[in-house]
Amino acid sequence: FTESDKRVVVRREAGGEFGFRIHGSKPVVVSAIEPDTPAETSGLEVGDIIMSVNGKSVMDAIHSEVVLLAHSGTDVLELEVARTCNVLAPRVAKSREGTEETPIASGYLWRKSATSSNTDKWVRRWFKLRRDNCLYYYKTDAVSTF
């Protein structure tokens, strides 16, 4: 991806949340948008690849770098995104008890490191195979939230 499809401005209340989650690294992808939040009204969509944050390219940034940049003290995020047409949209259904639907499978998998300097390193990643037939993976069993 070299060109963005859309410029999105997300403005939060002072001390509030932006209202979206990301996952992955190099690139980082929007994985969820909370209802009734600035992210929902901004035009940001699940599956958007974040290309820049406040004018700084994040295509080669790891997840934690993007999180730090987004929380750098500003209440306005100007995001350049590449639209993926909701390819990664999670469909989390609610059960009768009001809890998140149980994934088809979850646990840890080993993934070969993406760093070019150490191609023989394997890292453990938490995964969830959800009913939308997408496999989601994270560094831990906790999902990153903004």
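The values are calculated or read from the model by the stated rules, or taken from the named source; none is laboratory data. Bear in mind that the values here come from a model prediction, so they are computed numbers and not experimental data. Note: ideal-geometry Cβ built from the backbone for every residue, glycine included; neighbour counts use all protein chains shown. For accessibility, only protein heavy atoms count, side chains too; no ligands or nucleic acids. Shrake-Rupley method; radii C 1.70, N 1.55, O 1.52, S 1.80 Å.
For this structure, a couple of remarks:
- Accessible area of the range 32-79 divided out per residue, in Å², using a probe of 1.4 angstrom: 47 Å²
- Remark: the range 32-82 carries a charge dipole of roughly 180 debye about the Cα centre, counting +1 on each Lys and Arg Cβ and -1 on each Asp and Glu Cβ.
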